[in-house]
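Derivation of every value follows stated rules applied to the coordinates shown; laboratory data play no part. Every value quoted in this text rests on a predicted model; they were computed, and no experiment measured them. Virtual Cβ from ideal backbone geometry, glycine too; neighbours counted across all protein chains shown.
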């Protein structure tokens, strides 16, 4: 049930369509800031802000090559988020499995009772 | 209210038991205590259910000598189709989340769909489809 601060920043970073699009582009390979900004109808400055958020969430890494800044995708935090979501889903699945078992056990007990009493009352 | 858009976790399951029995299992303290917030190693020491809209519930599971409360209140009770309640585990997080269940009769059994929203912080655009897409899409490309 615990969403740590790291997980929170991952989730915040992912909660925006522009940032998701940036990650999708970077998942295909390294890119310059200007390349990343090109498809978006927003200023370079606005795109840079999104990139900085992704960097803070450690989803994007920046390296300098001479005067160029190259950005790349860092999947590790994403895997942690996916694992956490999966864990929550597993928790509910297990609870519903337990409910099903409980109801089946009730049916079984009722059937045995009926047999004993020789009746077939539901 | 767009429950669907704010959904974060969705689970569907079929039961051979009737919709009535599956529904009642959520609100009957004796039954719910056995399966709902119980853990294999914990011991359910207290189950209080005020089964009315606005009513509260508290399940206390003792784990390693520590009492873990599961609390919330009921927002919708439409027997035997729909149940909505808030849910928090104060020990771990003060954030209240919302659980909605819909039960549809299928022949002699039923199908239950559970949506747990607000499990993740509540973001305007963090839809479950967006999530699934980004997480699956990105991991697939790695």
Could you line up A:8, B:61 from fewest to most neighbouring Cβ atoms inside 10 Å? A:8, B:61
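Rank these for me by crowding, A:22, B:77, going from fewest to most other beta carbons within 10 Å.
Final ranking by Cβ density, sparse to dense: B:77, A:22.
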By counting other Cβ atoms within 10 Å of each Cβ, how are B:64, A:97 ranked from fewest to most? B:64, A:97
Over region A:57-122, calculate the relative contact order: mean separation of alpha carbon pairs under 8 Å at least 6 apart, over the residue count, as a percent. 18
Degrees, to the nearest 10: A:76-117 long Cα axis against longest axis of chain A: 10
Folded to 0 to 90 degrees: helix A:17-26 orientation relative to chain A principal axis, Cα: 70
Note to self, chain A gives a 222 nm [θ] from helices alone (DSSP H runs n ≥ 4, -39500 (n - 2.57) apiece, / all residues, nearest 500) of -21500 deg cm²/dmol
Measuring from the lowest to the highest alpha carbon on each principal axis, how far does region A:55-122 reach, largest first, in angstroms? 89, 13, 12
If you average the sequence gap of Cα pairs under 8 Å that are 6 or more apart and divide by the length of chain A, what percent do you get for the contact order? 25
